[in-house]
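The values are calculated or read from the model by the stated rules, or taken from the named source; none is laboratory data. Predicted, not measured: the structure shown is a model, and the values here were computed from it. Cβ placement follows ideal geometry from the backbone for every residue including glycine, while neighbour counts extend to all protein chains displayed. Ligands, DNA and RNA are excluded from the accessible area calculation, which covers all protein heavy atoms including side chains. Shrake-Rupley method; radii C 1.70, N 1.55, O 1.52, S 1.80 Å.
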Amino acid sequence: MPILLDGCENLAMLGLVVGLLVRHIEKADRLLDPYLVEPVAWFREFDRVASENSMLAASSERIVAFERRSWSLREAAGFLVVNSDDERAAELRGVGENLVATARRQIEAAAEDEGSGIGALTGADIEQQLLPIRAWASVLDRDTYRAERTDNGLRIESEPPAEIVEAMRPDTEELERSQASMRLTGRYCIEPMRGQPDRFDAKDLAVDLMTARELLECPPAIGVSDPWDVPAAVSARALEARLLRSVEVPNELLGFAADTVLQVAEGSPQQLEFEESYFEQGANRSAARVLPLLLLPHAEAVRVEVDGTDGSTTFDRAIGGGALFANAAAHEVRLHLARGLDHVWRVPCVEQGQCHHQIALDIAIESMRDSVLGDWNDKSQRHNLAISRIPWSKRSPILLTTRSILCALTQRFGHLRQRRWPEPASRCGRESCSTWSSLRTAAHFFRMRRTWTVAVLTH
């Protein structure tokens, strides 16, 4: 370690040293102690663990004891205490006392540097700022540990002194909301984007939906994302589980999930969005992906749960929400809508009610109307978008020339991309449903879009 720190003038090397010591903690002996008495080291390690729970985190595969990269100094301190003898336990208790003393000196020094003086800070102010540090120090005190036998073995954990717990209760509740938000973000946003399989069952979904509802009612103040992002992500996964895989989720919670998706749709578009903006875990992305599922015949029970009546109001809201997403500024939102529409094509019609194929096709056409460049705008130095309002049903041709926005069409024709297009009779129970011929025509254009310079789409 002295070799690594020789001439060190940055925190990166200190972080490397702490990481090495934690991953090889059985051999670290007392080398970690100097870092355990520094409040800055604790803060930095907490920040690191939180930031590494993201898509930008490097892979930990093939690293010795890689699971310990998710440890903060709290877990490392607990490991040292649990595996200590009486002499070492007394030393670690002293390390905790030094941690509090160091933090106190730093608080007083900061007050002096700011010109307010120590006198401007009352004893109560100092003690309030020391609360989290005293909670950390308690992890280094073996007397705070309790052991409990569970079905999975012996559980050992540290319990801070009662007066610290009570004084920190407001901050603790806020922190718990923030941690719950990060946990749900990891499970329902980041893990699926990494291609990891779902790790939740019906019970998990129910619990997480209740947590999402609480977060929507009382969002964490220190959260960095939109308050709707996490509830929308959990709601989307719950609706997919119920409507695509028949996972049993309580209807009351499904009603919350559907209403959340619809409210997100009705709140679009986002003011800060533009065509090429990307934010995979955004609420409007999650909602756009599952909103088409609410149009399916077997989603009637969910629609009724939202309405409280026959579900027709929710059905109309879903149609309106689909139109709003079809006109979203960001291509990514429309692409998620396209993925949701994929499921609509696969479900046969029923004789009663509106044809969900026709509704889906109307939404798809709506998303393509602004895919043609108009006249050049000198002020913005770009072409205006030409909005086509030619009715598809009148067999009027839509002329797409080399001025078409091909990258936009790549996104917006995504919902028409199918490798095989079955005959209507094999898929649809409604003989009057003529949507399939329109879909085959549009899909053929999608496959040829890279080579065509002029295409005429007819119904």
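Okay, residues lined up against (1) of a type in the set (A, V, I, L, M, F, W, C); (2) within 26 Å of Ile107 (Cα to Cα); (3) open to solvent by 70 Å² or more (accessible area, probe 1.4 Å):
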position: Leu4; (1), (2), (3): yes, no, no
position: Ala12; (1), (2), (3): yes, yes, yes
position: Ile25; (1), (2), (3): yes, no, no
position: Ala28; (1), (2), (3): yes, no, no
position: Ile63; (1), (2), (3): yes, no, no
position: Phe66; (1), (2), (3): yes, no, yes
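Take the residues in segment 184-210 that are closer than 15 Å to Gly255 by Cα and without any contact (Cβ under 8 Å) to a residue 40 or more places away in the chain, then tell me which one is most open to solvent (accessible area, probe 1.4 Å). Among those that are closer than 15 Å to Gly255 by Cα and without any contact (Cβ under 8 Å) to a residue 40 or more places away in the chain, it is Val207. When Val306 is tested against the conditions (1) open to solvent by less than 10 Å² (accessible area, probe 1.4 Å); (2) under 18 Å from Val264 (Cα atoms); (3) more than 18 Å from the chain's Cα centre (by Cα), the lone failure is (1).
Being small (Gly, Ala, Ser), closer than 18 Å to Glu280 by Cβ and buried (at least 17 other Cβ atoms within 10 Å of the Cβ) is true of Ala236. Within segment 320-359, the set of residues being closer than 16 Å to Pro297 by Cα, part of a loop (DSSP other than H, G, I, E, B) and either of a type in the set (D, E, K, R) or free of Cβ contacts under 8 Å to residues at least 60 places away in the same chain (or both) comprises Val347, Glu351, Gln352, Gly353, Gln354. Of the residues Ser84, Ser70, Ser59, Ser116, the single one that is open to solvent by less than 70 Å² (accessible area, probe 1.4 Å) and at pLDDT below 90 is Ser116. Here Arg134 fits the description: surrounded by 10 or more Cβ atoms within 10 Å (Cβ to Cβ) and modelled with pLDDT of 85 or more. All of (1) open to solvent by 50 Å² or more (accessible area, probe 1.4 Å); (2) of a type in the set (Lys, Arg); (3) touching a Gly at 6+ places or on another chain (Cβ under 6 Å) hold for Arg317 with one exception: (3). Filtered by the rule that a residue be farther than 20 Å from Ser60 by Cβ and without any contact (Cβ under 8 Å) to a residue 12 or more places away in the chain, segment 1-22 gives Pro2, Ile3, Asp6, Gly7, Cys8, Glu9, Asn10.
Quick one: in segment 356-394, of everything that is hydrophobic (A, V, I, L, M, F, W, C), open to solvent by less than 40 Å² (accessible area, probe 1.4 Å) and out of contact with any Ser or Thr (no Cβ under 7 Å at 6 or more places or on another chain), which residue is modelled with the lowest pLDDT? Break it down stepwise before answering.
Within segment 356-394, the subset hydrophobic (A, V, I, L, M, F, W, C) is 359-361, 363-365, 368, 372-373, 376, 385-387, 390, 392.
Now narrow it down to the ones that are open to solvent by less than 40 Å² (accessible area, probe 1.4 Å): 359-361, 363-365, 368, 372, 386, 392.
From the residues that got through so far, the ones that are out of contact with any Ser or Thr (no Cβ under 7 Å at 6 or more places or on another chain) too are 359-360, 363-365, 368, 386, 392.
On the way: Ile359: 90, Ala360: 89, Ile363: 88, Ala364: 85, Ile365: 82, Met368: 77, Ala386: 62, Trp392: 51.
For segment 356-394, the residue satisfying everything is Trp392.
Taking each residue of segment 152-174 that is within 15 Å of Ala135 (Cα to Cα) and looking for partners that are modelled with pLDDT of 80 or more and surrounded by fewer than 11 Cβ atoms within 10 Å (Cβ to Cβ) with beta-carbon atoms closer than 9 Å, six or more apart or interchain, yields Glu157/Arg146; Glu157/Ala147; Glu157/Glu148; Ser158/Arg146; Glu159/Arg146. Within segment 153-183, the only residue that satisfies the criterion of being assigned to a strand (DSSP E or B), more than 18 Å from Ala77 (Cβ to Cβ) and either open to solvent by less than 50 Å² (accessible area, probe 1.4 Å) or in contact with a helix residue (DSSP H, G or I) (Cβ under 8 Å, 6 or more places away or on another chain) (or both) is Gly153.
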